[in-house]
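Peer 1: Structure below; questions to follow.
The values are calculated or read from the model by the stated rules, or taken from the named source; none is laboratory data. Because the structure is a prediction, the values reported are computed rather than measured. Neighbour counts are summed over all protein chains in view; Cβ atoms, including those assigned to glycine, are modelled from backbone coordinates with ideal geometry. In case anyone asks, the SASA skips ligands and DNA or RNA and just uses the protein heavy atoms, side chains included. Shrake-Rupley method; radii C 1.70, N 1.55, O 1.52, S 1.80 Å.
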Amino acid sequence: MSKKYDVVIVGAGHNGLIAASYLAKAGKSVIILEGESEIGGATTSVKAFPEFEARLSRYAYLVSLLPDQIVKDLELNFTAISRSVSSYTPYKIGTKESGLYVAREWDNESANSFTELTGNHAEATSWRQFYDSIATFAKRLAPTTLTPLPTRSELRDHIAMPELWDLMIENPIGEEITKRFSNDLVRGVVATDALIGTFTSTFDLQANRCFLYHLIGNGTGEWKVPQGGMGALVSELNRVATSHGVTIECHSPVSKINSDSKSIEVTLADGKKIIGDYLLSNAAPQVLAKLRGKPAPKSLDGAQLKVNMLLTELPRLKSGIDSKKAFAGTFHVNESFSQLEKSFKEADSGLIPTEFPFEMYCHTLTDPTILSRDLQAKGFHTLTLFGLHTPASLFDRDPKGARLLVLEGALQALNKNLKDPIESVIAKSSDGELCLEVKSPLDLEKEISL
């Protein structure tokens, strides 16, 4: 007879590991079944380019929604580092190359950058008023993420800010953005938080949900860099989970799940069966439904595209700004409000956007420890690109061809802002291949069950 567990968890991603740790601390017997050879799911760090000692956070790459309370409860030895720069958005007016710079903590350079772009102080004032309001909303909303889910009316009463409630919950965020701001570029920088990883228009309430989770983390919405990469978090979660007695079995893909009112039975691909009182799934609802032999729920079209690069040095910008400042935060390309809406409409009709919107950031400017000391001394850096409005359907017909087209469009758009083409500073392996990898939504479905 197999040992019976209190809880069986399918998938050793960060959510599964955290849930297992809490349950084990409470005295429950827990087993995690992971189909892959290593734990972590979307939060792994990998040596993506074998010839170079660089461990990249291949999928998830920044931290905001990990509550400080969980770090405290589980006594995690994990550090997330603040970025000094919030964002930089290059633009060209006539022959002049410049960029909108926003520091994480508002300063004179940020204010002057808005004035240079718009010609007055109005947009900067609107920016600060808008985000001050969001900060107040976030501080009230964030604590509810660790409590039983409130009803809509309970949450509205808890927030107790009717105007902000309507702004964030009832009305499409696109309406508020276009009402509050007049500059197309400024509108776009605000709108990106409502769109990253989501395939929708800012005039759909789905964008509000995306906007909320980008701005409520720990009541501040600050997105920090995980020291040591995402793999450092996974290693620490593994230490905590196993120290409390959690059993973790890799190379254990699940093929079937049966349940009744008394227990659950999990069948592995090799025929082995695991029995438990309860099951937690750390995979997409569609994956769980298939394992249970149930009809899969409908899902929205995923739109996540990641490009990971290893650079021999940072590229120089036509605007003249120090590259270390421009890439330390979120670097926006083709993300004015009108470009974002146009790209959504094109992708929604089955076309790869003509002005492909994306953003980038450089992990190693904040945390160089993911590189070997040798690469650090040589001036190497990583660069991560996150594409918007690249729904899975665009890759269905020709996954490889569509991936190459999107990559080509992204590099061309980036190069318009650089003094030298990005290809000139991407590291090369011994066979001459660029150290660059592209992950489409189809890759994410296949590799980590998203």
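Peer 1: Return the pair list, or none, for Cβ contacts closer than 6 Å from residues in region 274-286 that are within 15 Å of residue 42 (Cβ to Cβ) to residues that are in a loop (DSSP other than H, G, I, E, B) and open to solvent by 50 Å² or more (accessible area, probe 1.4 Å), at least 6 apart or on different chains.
Peer 2: 284/450
Peer 1: For region 431-448, check the following and say yes or no: at least one residue is among the small types (Gly, Ala, Ser) and over 30 Å from residue 14 (Cα atoms). Spell out how you get there, then give the answer.
Peer 2: Quick first cut of region 431-448, residues among the small types (Gly, Ala, Ser) only: 432, 440.
So of that shortlist, the ones also over 30 Å from residue 14 (Cα atoms) come out as 432.
Yes.
Peer 1: Further, regarding this structure: Residues being of a type in the set (S, T, N, Q) and open to solvent by less than 10 Å² (accessible area, probe 1.4 Å): count how many of those fall in region 385-405. Before you say what the answer is, go through the steps one by one.
Peer 2: Keep residues of region 385-405 that are of a type in the set (S, T, N, Q), which gives 390, 393.
Still in the running and open to solvent by less than 10 Å² (accessible area, probe 1.4 Å): 390.
So the count comes out to 1.
To keep it simple, each residue is scored yes or no on (1) farther than 30 Å from residue 440 by Cα; (2) polar (S, T, N, Q); (3) touching a helix residue (DSSP H, G or I) at 6+ places or on another chain (Cβ under 9 Å); (4) at pLDDT 95 or above.
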position: 3; (1), (2), (3), (4): yes, no, no, no
position: 7; (1), (2), (3), (4): yes, no, yes, yes
position: 12; (1), (2), (3), (4): no, no, yes, yes
position: 19; (1), (2), (3), (4): no, no, no, yes
position: 27; (1), (2), (3), (4): yes, no, no, yes
position: 49; (1), (2), (3), (4): no, no, no, yes
position: 87; (1), (2), (3), (4): no, yes, yes, yes
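Peer 1: In region 109-139, which residue that is farther than 14 Å from residue 190 by Cα and either of a type in the set (Phe, Trp, Tyr) or not in a helix (DSSP H, G or I) (or both) is nearest to the chain's Cα centre (by Cα)?
Peer 2: Here the residue is 137.
Peer 1: Could I ask something else about it? Which of the residues belonging to region 307-337 are under 23 Å from the mean Cα position of the chain (by Cα), among the hydroxyl-bearing types (Ser, Thr, Tyr) and under 19 Å from residue 185 (Cβ atoms)?
Peer 2: Of region 307-337, the ones under 23 Å from the mean Cα position of the chain (by Cα) are 307-311, 314, 323-337.
From what is left, the residues that are among the hydroxyl-bearing types (Ser, Thr, Tyr) are 323, 330, 336.
330, 336, listed by residue number.
Peer 1: Looking at region 265-284, is at least one residue over 28 Å from residue 55 (Cβ atoms) and among the aromatic types (Phe, Trp, Tyr)?
Peer 2: Checked against the condition, which is being over 28 Å from residue 55 (Cβ atoms) and among the aromatic types (Phe, Trp, Tyr), region 265-284 yields at least one hit.
Peer 1: Wholly within region 260-322, which strands (runs of 3 or more DSSP E) include no fewer than the required count, namely at least 3 residues that are in contact with an Asp or Glu (Cβ under 7 Å, 6 or more places away or on another chain)? Talk me through it step by step, then tell me what you get.
Peer 2: Working: elements: 264-268, 273-281, 305-311.
Correct list: 273-281.
Peer 1: Could you figure out which of (1) part of a strand (DSSP E or B); (2) surrounded by 17 or more Cβ atoms within 10 Å (Cβ to Cβ); (3) of a type in the set (Gly, Ala, Ser) isn't true of residue 255?
Peer 2: Status for residue 255: all satisfied but (2).
Peer 1: May I pose another question? Considering (1) touching a strand residue (DSSP E or B) at 6+ places or on another chain (Cβ under 7 Å); (2) surrounded by 14 or more Cβ atoms within 10 Å (Cβ to Cβ); (3) touching a residue at least 24 places away in the same chain (Cβ under 8 Å), say which one residue 228 fails and leave the rest.
Peer 2: (1)
Peer 1: Sticking with this structure for a sec: Could you tell me which residue of region 189-205 is farthest from the chain's Cα centre (by Cα), considering only residues that are of a type in the set (Gly, Ala, Ser) and crowded, with 22+ Cβ neighbours inside 10 Å?
Peer 2: First pass over region 189-205, keeping only residues of a type in the set (Gly, Ala, Ser): 191, 194, 197, 201.
If we keep only those that are crowded, with 22+ Cβ neighbours inside 10 Å as well, we get 191, 194.
Details: 191: 15, 194: 12 Å.
For region 189-205, the residue satisfying everything is 191.
Peer 1: Give 359, 408, 346 a once-over and let me know the one that is outside any loop (DSSP other than H, G, I, E, B), of a type in the set (Asp, Glu) and open to solvent by 50 Å² or more (accessible area, probe 1.4 Å).
Peer 2: Numbers: 359 fails: open to solvent by 50 Å² or more (accessible area, probe 1.4 Å); 346 fails: open to solvent by 50 Å² or more (accessible area, probe 1.4 Å).
Going through 359, 408, 346 in turn, the sole match is 408.
Peer 1: Pick from 208, 218: which is under 22 Å from residue 80 (Cα atoms), among the polar types (S, T, N, Q) and either out of contact with any strand residue (DSSP E or B) (no Cβ under 7 Å at 6 or more places or on another chain) or open to solvent by 20 Å² or more (accessible area, probe 1.4 Å) (or both)?
Peer 2: Unique residue meeting the criteria: 218.
Peer 1: Sticking with this one: How many residues does region 53-83 contain that are among the hydrophobic types (A, V, I, L, M, F, W, C), crowded, with 17+ Cβ neighbours inside 10 Å and in contact with a strand residue (DSSP E or B) (Cβ under 6 Å, 6 or more places away or on another chain)?
Peer 2: 4
Peer 1: Could you count how many residues in region 25-60 are closer than 21 Å to residue 242 by Cβ, charged (D, E, K, R) and part of a loop (DSSP other than H, G, I, E, B)? Lay out the reasoning, then the answer.
Peer 2: The first filter runs over region 25-60 and keeps only residues closer than 21 Å to residue 242 by Cβ, leaving 25-45.
With the extra rule that they be charged (D, E, K, R), the set shrinks to 25, 28, 34, 36, 38.
Among the residues that remain, those that are also part of a loop (DSSP other than H, G, I, E, B) are: 28, 34, 36, 38.
Adding up the residues that qualify gives 4.
Peer 1: Going residue by residue through region 153-171, is there one that turns out to be under 30 Å from residue 366 (Cβ atoms) and loosely packed, with under 15 Cβ neighbours inside 10 Å?
Peer 2: Filtering region 153-171 down to residues under 30 Å from residue 366 (Cβ atoms) leaves 168.
From what is left, the residues that are loosely packed, with under 15 Cβ neighbours inside 10 Å are none.
No, every residue in region 153-171 fails to be under 30 Å from residue 366 (Cβ atoms) and loosely packed, with under 15 Cβ neighbours inside 10 Å.
Peer 1: Now a separate question. Of all the residues that make up region 274-300, how many are in contact with a Ser or Thr (Cβ under 8 Å, 6 or more places away or on another chain), open to solvent by 60 Å² or more (accessible area, probe 1.4 Å) and either at pLDDT below 95 or of a type in the set (S, T, N, Q) (or both)?
Peer 2: As a first pass, look at region 274-300 and keep what is in contact with a Ser or Thr (Cβ under 8 Å, 6 or more places away or on another chain): 274-277, 279, 283-288, 291-292, 300.
From what is left, the residues that are open to solvent by 60 Å² or more (accessible area, probe 1.4 Å) are 285, 292, 300.
Then keep just the ones that are either at pLDDT below 95 or of a type in the set (S, T, N, Q) (or both); that gives 285, 300.
Matching residues across region 274-300 total 2.
Peer 1: I've got another one for you. Out of region 7-23, which residues are under 18 Å from residue 252 (Cβ atoms) and open to solvent by less than 20 Å² (accessible area, probe 1.4 Å)?
Peer 2: 7, 8, 9, 10, 11, 12, 13, 16, 17, 20
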